[in-house]
Every structure is written in C-alpha cells, then in structure tokens.
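Remarks on the structure that follows.
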Amino acid sequence: MKSVFRDDILEGKVAFVTGGGSGICKGIAEAFLAHGAKGVTILGRKADRLSAAADEMKQKSGRDVLAAPCDVRKPEQIEAALEATLERFGRIDIVVNGAAGNFLAPAAALSYNGFKTVMEIDTIGTFNVCRASFEKYLRDHGGHILNVSATLHYAATPLQIHASAAKAGVDSITRTLALEWGPLGIQVNGIAPGPIDGTEGMSRLAPGEMRDAQIKGIPLRRLGTIEDVASCALYLTSGAASYVNGETIVVDGGAWLPGMGKFMTMLGVD
Ligand code: COA
C-alpha cells in the first residue's frame, strides 16, 4: 500500500526501536526508513533474527540499520545499544518501545514467574529504555518516545491478566513521562494496536478459527495491517502531531469498543 505521507518527513532522523526485528515494530522501523530516516537501530533478544531483519531492511531501503541484540530487562545492555547507536549515527530522535511478551493463560494456572516475566519485559523494559535513552541523549536534545501498548486493560480481557496489567503500566508510564519530560522537548505518546494480521501476536492469541470470529467483532470488519500501525507511528513522530503529548492512540478498527458484539447480536446483525 502506498504511503499517504511525503517520503522525506523524517529526513535525517534516527530511531531506536525495541522489538524491531519482527512484526509491528519491524514495520514501524521500515516505515521510518522509507520516510527519510537516515538510520535505525533494531533491538531484540534473538540475534540471528535481528541481523537477518537488518540485512533485509538495509537492502530494501538503501539506508543504514544497526542490529543490537538486547534484553530490555537488562539496563546495561540497553545502555550499550544506545552508545553503539550514537557512535554509528550521532543522534537519536525517536525511541520506540515495542519489545513485549504475551501468551494465553488463565490467571489460576499462570505461574508467578509467568506473570512477573511479562511485567518485566513490557512495563519494566519500557521504563528501562525510556530512562536510559533520556540519560544518554533525549534529556539534552529532545525527541519522541512511542510506547506500544494494547487495549486489553480498557475493559477486561480473560486469559491475559499478565499482559493487561503490563500494558496498563505502560500507559501510565506514557502519561507520567509526557508530564515530566514535556518541558524538555520530549513528546511521549503511545499506540495501542488491536488485532494486526501477520503478527506473532495474532498467531499466539487468536489461532485458527478464532481469527475469523474476531473479525466479526471488529466494526471495520477486517484485521489491521502492520502498515496501519506504522502510519500512526509516522503521524506521531513526523511533526504533524507536534502538540500531541501523553496520548495513546488506539489503532484497532474500533475492536475494543464495549457493547459492539452484544448490540449487534441484539439487532440480529452478523
Ligand atoms: N503459558 C503459561 N506460562 C508460560 C507460557 C505460556 N504459553 N509461556 C511461558 N510461560 C511461563 C513459563 O512457564 C515461565 O514460568 P515458570 O518459570 O514458572 O515455568 C515464565 O513464563 C517465563 O518463561 P520463559 O520462557 O523462561 O521466559 P522468556 O523470557 O524466555 O520468554 C515470554 C518470555 C514467556 C513472554 C515468551 O513467550 C517470549 O519470549 N515472547 C516474546 C514474543 C511474544 O510474546 N510475542 C507476542 C507479543 S503479543
């Protein structure tokens, strides 16, 4: 799909994208490169997948991509990746927190460590990356932070107590940092994607026939695409959203809106 944005809106910018080796955040990193970014660092735990993604992205965009293996639960690894980014590109304008973990598990059967692990990756990992990038660069130069969240916690989502709690924490981080760091020229916003086609999240959380059942509950009657989410990331970082701060934009076709399913069933609408 052709982008509606001019291809130079991020000219010369550099992005640091956790979870950028696959799925939604790879799509966001690619969109940044396709819209003028001079370089992107992608971070993830799986070094092989990361370097394959970096090679593919370099080839596609003709721009520079640094693969930085990193576990966001480890601040020293984040700091090393930030230093490598600054050495390679000389600046960091956009930080995207996309590294996350999730799976389906009933609360009563979820192990203590299972809950803790997702909190550590999603919530604490997001804080760690925000804090380290603030210290290393953003405090003195301003920039954008984008936290990838979810809508799980707006109402209540069964089988995902871990991810719901973790993303509620992420949204809170977004708002607090927008307040504390706005005066320094740092905009902190979030994106809350709904069901996005072709992602690990979809195959983990809505496998098989659940996929079609899920589409019926989405007002726009389709799954989202990675490009739908990347467009929102471009909007938030391009300057078009220069007065938006502390906001988490839902990109889900209306899927989370309460009452949709029940009301349509009452009306007999399929
Ligand atoms: N159901 C229930 N518990 C699970 C689970 C599942 N499907 N997957 C992992 N866990 C539990 C483990 O049993 C373990 O707890 P235990 O020590 O009490 O047994 C705990 O979670 C940690 O698992 P581990 O595999 O050691 O952690 P990890 O750091 O290697 O992996 C995860 C983190 C669990 C989030 C893993 O699923 C992951 O790496 N996901 C990344 C990708 C992803 O989730 N993408 C989708 C985003 S929507």
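General remarks:
- Pairs with Cβ under 6 Å, 6+ apart, first in region 106-135 and closer than 13 Å to GLY169 by Cα and without any contact (Cβ under 8 Å) to a residue 60 or more places away in the chain, second more than 11 Å from the ligand (Cβ to nearest atom) and outside any helix (DSSP H, G or I): THR126/ASN97; THR126/ASN147
- The set of residues in region 166-201 that are on the phi > 0 side of the Ramachandran plot and basic (Lys, Arg) is empty.
- Only a single criterion out of (1) part of a helix (DSSP H, G or I); (2) within 16 Å of the ligand (Cβ to nearest atom); (3) under 19 Å from the mean Cα position of the chain (by Cα) is not satisfied by MET57, namely (2).
- Matching entry among ALA230, ALA192 (being surrounded by 14 or more Cβ atoms within 10 Å (Cβ to Cβ), more than 16 Å from the ligand (Cβ to nearest atom), among the small types (Gly, Ala, Ser) and modelled with pLDDT of 95 or more): ALA230
- Residue count, region 151-173 (criterion: out of contact with any helix residue (DSSP H, G or I) (no Cβ under 8 Å at 6 or more places or on another chain), outside any loop (DSSP other than H, G, I, E, B) and of a type outside the set (D, E, K, R)): 3
- Helices (runs of 4 or more DSSP H) (entirely within region 65-141) containing at least 1 residues that are surrounded by 19 or more Cβ atoms within 10 Å (Cβ to Cβ) and away from the ligand (no atom under 14 Å from the Cβ): 75-89, 125-133
- For first residues located in region 197-215 and more than 14 Å from the ligand (Cβ to nearest atom), partners that are among the charged types (D, E, K, R) and lie 6+ apart or on another chain with Cβ distances below 9 Å form the pairs ARG211/ASP197; ILE215/ARG221; ILE215/ARG222.
- Count - residues of region 7-54 that are closer than 20 Å to GLU200 by Cβ, of a type outside the set (Asp, Glu) and part of a helix (DSSP H, G or I): 15
The values are calculated or read from the model by the stated rules, or taken from the named source; none is laboratory data. All values reported here derive from a predicted model rather than from experimental measurement. Heads up, the Cβs are rebuilt from the backbone with ideal geometry, glycines too, and the neighbour counts pull from every protein chain shown.
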